[in-house]
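Asks: Sharing a structure here in structure tokens format.
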Amino acid sequence: MIIPYLIGSVGISLGLFLNRNKTVNYILIWLFVFLQSAFSVYVGFHYNDTEATYFTFDALGLIMLFTATLIIIPAAIHSYIYIEESEEKTPKTRATYFGAFALLVMAVSAAFLANHIAVVWIFTEITTLSASALIYHHRNKLALEGTWKYVFICAVSITFVFIGILFLSLSLPKAAADDLSYKSLIQHHLLLNTSWLQLAFLFIFTGFTAKIGLFPMFTAGIDAKDKAPGPAAALLSSIIMCMGFVGIFRFYTVIANTPLMRWASLVVGIAAFLSIFIAAVYMIKVKNIKRMMAYSSVEHMGLVMLGLAAGGIGYYAAILHLVLHSLVKSSLFFQYNQLYRVYKNKSIYQLGNYFKYNTTGAIVLLLAFISVTAMPPSGMFVSEFMIFRSLFQSNQLALLIVVLLLLTIIIWAFAKNIFKILFIPVVDFDESNVPKISPWRSVSQFLLIGGAAYLGLNPPMIFVDLIQNSIRLLPH
Amino acid sequence: MLHVLLIIFLITLFYLAIANRMTTYINLLALQGVLLFLVAFMQLSHINTVNLVLILLETIVFKSIAVPVFLRRVLKRNHITREAEPFVPNFVSLIITTLIVIITIILSNSMQENNLDKIFFVVALSTLFTGLYFIASRRKIITHVMGYLIIENGVFALSLAVGNEMPMLVNLGIMLDIFASVLILGIFLNKIGDVFKDIDVNQLTNLKDF
């Protein structure tokens, strides 16, 4: 079924690129959403099967695929609203947007399920291509700048991953010299040459940081999320980050079974800490609401990686946190479009008194803020608390205290800006042109935030089992 | 002979560090393509003929003809000045490139149990870091692209080193080459040339936090 899915998605994507008819476009994109959902269900029923040699429907892939499908359904709806209400819509931009949308989701889903590092790499390349088309949607000077930076940094980082794969192939023993699947790597974990493996890990990790949004390559993602349309930015800050995580996590699983475990967790931990630090520094001074949300994603990815580096309960917490963050952050980016429609601006100085103009939207913003800063009773409170516990258990008390201080700064900066937007009126804001926004458009955001709280506070047994299964190969 | 070619490849890096004119850079990139063609021809003796022909065609047609011709056209069309205008003096660049090469030699000696020809490792890694340095020290967007192409050449040299055991990786390298070059050169350099009158990175600083 994976081959028909890939061919079908590429076909739909090509059809969208080539066809400029509005009705055909929307039929095709809904067909794609249906195909994606059907494929997810199929994967759910064929748990642990391997198809077409290179794709295994394992626990991690399954969790990520379902998260992606949950996000793309509202993303398609909000994209429809966005494109239809946009002033500069042309048949060409609409067709390109939806074509790139389908291609991006296909590439990300395939990367989740791939069991071979080179296959993950190929699909990562495709996401760069399709994401750049989404970022360049507005076709103006600033969008071009953002796209150029994204493409260039992603191209460099994809080259880094490739070098890492070459070094990885050198670390293999001669007997298994042509098999780079994760399964074979874990099987031969005692025979891997550690010095080549070290170089491979450094390069692969650095390469994937552009996608997951960690230090040192996080800058590309920030500019991209700033310039991409809201629904596309939601994809960039959820499913693309998940893809970067999967790329790092699967290779980390291999290296964690070798004597390099401690060294690798140190590398991951340093990158994670620096990401949180950078996020805190920028959150204080950032005055663009969209960039602020993007920096908040950098912070959360730092926390996820900190959980991974700390080990123990941190492994579980990392995956839980990643899933919850994807749900909450995408709903925040969906909500951003309503905000922009009211104020026609994204500078925090020009936003204010949102409760008056769009009450439902303001409630979403408030709830999303509570979730994203991990205040109880949001779901992310649970996962973040588990990450702190894992740090405590691995005797990283000093690190834990510094991270908590940085998080306090982030919460303060975030709260200061969000409460200004919600309550404080803007001087000489022209109220006459404020459009009425239907509360129905916020339903999907409520569902996503509510779903995140549910998954965090009362996770269903099957979800817990899947997470436990995906971290089964890591040493405890 | 293989080693001679690789050392010539390394020397092109030093030349890149001190060269001043854009056309020299383009000629050097073409020369690197030819060198990679010869290296691929000598190194990949155990892979099947069709694959070898594909690799050779990619190096000679794509790396040493198509990309340089295209870069020249971009230079002409956008009236880019002939000087490279680096941020640092050429002498410093030369010293940094030398340091990079020395560090990679030390690194290659510290690798235990080498199942890779050391000189491939040194050439590939120093090309990679020189490319990164090239990107950081030059001002124009087109020189950034050239820096990226230098990195690609280094990676390609490294993939040739393991090419006999894993031809698949060489093919992936070719895919990366074509994909990234088409994406970066084809679409965006053209677009950027049209939108921004003088292609200088200083113009790409409008995305700010506040």
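The values are calculated or read from the model by the stated rules, or taken from the named source; none is laboratory data. The structure presented is a predicted model; accordingly, all values stated were derived computationally and were not measured. Cβ placement follows ideal geometry from the backbone for every residue including glycine, while neighbour counts extend to all protein chains displayed.
Asks: Which of (1) within 19 Å of the chain's Cα centre (by Cα); (2) within 10 Å of another protein chain (Cβ to nearest Cβ); (3) at pLDDT 90 or above does residue A:156 not meet, given it meets every other one?
Replies: The failed condition is (1).
Asks: In region A:108-138, what residues are within 14 Å of chain B (Cβ to nearest Cβ) and in contact with an Asp or Glu (Cβ under 8 Å, 6 or more places away or on another chain)?
Replies: Within region A:108-138, just A:138 meets the criteria.
Asks: State whether one or more residues within region B:186-199 are within 9 Å of chain A (Cβ to nearest Cβ), in a helix (DSSP H, G or I), at pLDDT below 80 and over 24 Å from residue B:83 (Cα atoms).
Replies: Scanning region B:186-199, I find at least one residue that is within 9 Å of chain A (Cβ to nearest Cβ), in a helix (DSSP H, G or I), at pLDDT below 80 and over 24 Å from residue B:83 (Cα atoms), so the answer is yes.
Per-residue answers, yes or no, for (1) over 27 Å from residue B:91 (Cβ atoms); (2) at pLDDT below 85; (3) outside any loop (DSSP other than H, G, I, E, B):
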residue	(1), (2), (3)
B:12	no, no, yes
B:25	no, no, yes
B:33	yes, no, yes
B:40	yes, no, yes
B:59	yes, no, yes
B:64	yes, no, yes
B:74	yes, yes, yes
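Asks: A further question on this structure: Would you check which residues across region A:168-182 are out of contact with any His (no Cβ under 9 Å at 6 or more places or on another chain) and either touching a residue at least 24 places away in the same chain (Cβ under 8 Å) or outside the structural domain of residue A:49 (by TED's automatic domain parsing) (or both) and list them?
Replies: Matches in region A:168-182: A:168, A:170, A:171.
Asks: Regarding region A:387-402, can at least one residue be identified that is without any contact (Cβ under 8 Å) to a residue 40 or more places away in the chain, out of contact with any helix residue (DSSP H, G or I) (no Cβ under 8 Å at 6 or more places or on another chain) and aromatic (Phe, Trp, Tyr)?
Replies: Scanning region A:387-402, I find no residue that is without any contact (Cβ under 8 Å) to a residue 40 or more places away in the chain, out of contact with any helix residue (DSSP H, G or I) (no Cβ under 8 Å at 6 or more places or on another chain) and aromatic (Phe, Trp, Tyr), so the answer is no.
Asks: Based on what the data block shows, is residue A:197 within 14 Å of another protein chain (Cβ to nearest Cβ), under 22 Å from residue A:315 (Cβ atoms) and surrounded by 24 or more Cβ atoms within 10 Å (Cβ to Cβ)?
Replies: For residue A:197, the condition - within 14 Å of another protein chain (Cβ to nearest Cβ), under 22 Å from residue A:315 (Cβ atoms) and surrounded by 24 or more Cβ atoms within 10 Å (Cβ to Cβ) - is met.
Asks: Hey, another quick one. Could you count how many residues in region A:344-384 are free of Cβ contacts under 8 Å to residues at least 60 places away in the same chain and within 30 Å of residue A:316 (Cα to Cα)?
Replies: 8
Asks: When region A:279-333 is examined, which residues are found to be of a type in the set (Lys, Arg) and within 14 Å of chain B (Cβ to nearest Cβ)?
Replies: A:285, A:287, A:290, A:291
Asks: If residue B:136 satisfies all but one of (1) under 23 Å from residue A:148 (Cα atoms); (2) at pLDDT 85 or above; (3) within 11 Å of chain A (Cβ to nearest Cβ), what's the number of the condition it fails?
Replies: Condition not satisfied by residue B:136: (3).
Asks: For residue B:151, which of the numbered conditions (1) touching a Gly at 6+ places or on another chain (Cβ under 9 Å); (2) away from chain A (no Cβ under 11 Å); (3) under 20 Å from residue B:19 (Cα atoms); (4) hydrophobic (A, V, I, L, M, F, W, C) fails to hold?
Replies: Result: residue B:151 passes all but (2).
Asks: Does region A:372-395 contain at least one residue that is on the phi > 0 side of the Ramachandran plot, within 24 Å of the chain's Cα centre (by Cα) and surrounded by 14 or more Cβ atoms within 10 Å (Cβ to Cβ)?
Replies: Yes, because at least one residue in region A:372-395 is on the phi > 0 side of the Ramachandran plot, within 24 Å of the chain's Cα centre (by Cα) and surrounded by 14 or more Cβ atoms within 10 Å (Cβ to Cβ).
Asks: Look at residue B:100 and say whether it is of a type outside the set (Ser, Thr, Tyr) and either closer than 26 Å to residue B:164 by Cβ or within 14 Å of chain A (Cβ to nearest Cβ) (or both).
Replies: Criteria not met by residue B:100.
Asks: Mind listing whichever residues of region B:14-23 are out of contact with any strand residue (DSSP E or B) (no Cβ under 8 Å at 6 or more places or on another chain), assigned to a helix (DSSP H, G or I) and surrounded by 15 or more Cβ atoms within 10 Å (Cβ to Cβ)?
Replies: Within region B:14-23, B:14, B:15, B:16, B:17 meet the criteria.
Asks: Still on this model: Out of A:255, A:276, which single residue is surrounded by 21 or more Cβ atoms within 10 Å (Cβ to Cβ), at pLDDT 95 or above and β-branched (Val, Ile, Thr)?
Replies: Answer to the check: A:276.
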